[in-house]
Amino acid sequence: MIHINDDIILQDWELSESFGRASGPGGQNVNKVSTAVELRFEAERSPALTPAIKARLKRIAGRKWTKEGAIIVTAEKHRSQPMNRELAEEKLAAMIRQALEVPKRRIRTRPTLASKRRRLEAKTHRATIKSGRGRVDEE
């Protein structure tokens, strides 16, 4: 079970872990012990998340989101399996917390009359500079 906040708790049936060999430093340990963690969260089937949260989470997860609607988070930073497991769970929790934040809607504003005038004056000024760049008559 992973506690995201007071309202959202991910149940054990939604999560599955698999372990493998990690790359990087570790000496002989890296060749013998499966310390890398791959955490799979069935986001699409999760009853704890609303459809709006799932849509934002899909956008945040990007390539980590599978066709089946699961999120796969990997962790192989540490040399011990429990620390990598904790890191993967924290990565997933951070992703879900980010998806919980509803983005503020942008309010469209109209340009002011002064800014329109400034833009048009800049255009005419630029046009006069460019028109002076033509061929010079021999007179």
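If Arg85 satisfies every condition in (1) closer than 20 Å to Gln11 by Cα; (2) surrounded by fewer than 17 Cβ atoms within 10 Å (Cβ to Cβ); (3) among the basic types (Lys, Arg) but one, which is the exception? Going through the list (1) closer than 20 Å to Gln11 by Cα; (2) surrounded by fewer than 17 Cβ atoms within 10 Å (Cβ to Cβ); (3) among the basic types (Lys, Arg), Arg85 breaks only (2). If you go through the stretch 47-82 and keep only what is under 18 Å from Leu15 (Cβ atoms) and among the small types (Gly, Ala, Ser), you end up with Ala48, Ala61, Gly69, Ala70, Ala75.
Yes or no, residue by residue, for (1) more than 30 Å from Lys54 (Cα to Cα); (2) part of a helix (DSSP H, G or I):
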site	(1), (2)
Glu90	no, yes
Ala94	no, yes
Lys104	no, no
Ile107	no, no
Thr124	yes, yes
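When Arg85 is tested against (1) at pLDDT 95 or above; (2) under 30 Å from Asn31 (Cβ atoms); (3) part of a helix (DSSP H, G or I), just one condition goes unmet, and that condition is (1).
Taken as a whole, the structure places Arg117 among residues that are more than 20 Å from Ala43 (Cβ to Cβ) and at pLDDT 95 or above. Of the residues examined, Ala94 is one that is aliphatic (A, V, I, L, M) and under 17 Å from the mean Cα position of the chain (by Cα).
Here Thr124 fulfils each of the conditions (1) at pLDDT 95 or above; (2) among the polar types (S, T, N, Q); (3) under 30 Å from Ala22 (Cβ atoms) apart from (3). Where strands (runs of 3 or more DSSP E) fall wholly inside the stretch 1-79, the ranges with 1 or more residues that are closer than 13 Å to Ile96 by Cα, touching a residue at least 40 places away in the same chain (Cβ under 8 Å) and under 20 Å from the mean Cα position of the chain (by Cα) are 36-41.
The values are calculated or read from the model by the stated rules, or taken from the named source; none is laboratory data. Everything quoted here is computed from the prediction, not taken from an experiment. Every residue, glycine among them, receives a Cβ derived from its backbone with ideal geometry; neighbour counts consider all protein chains shown.
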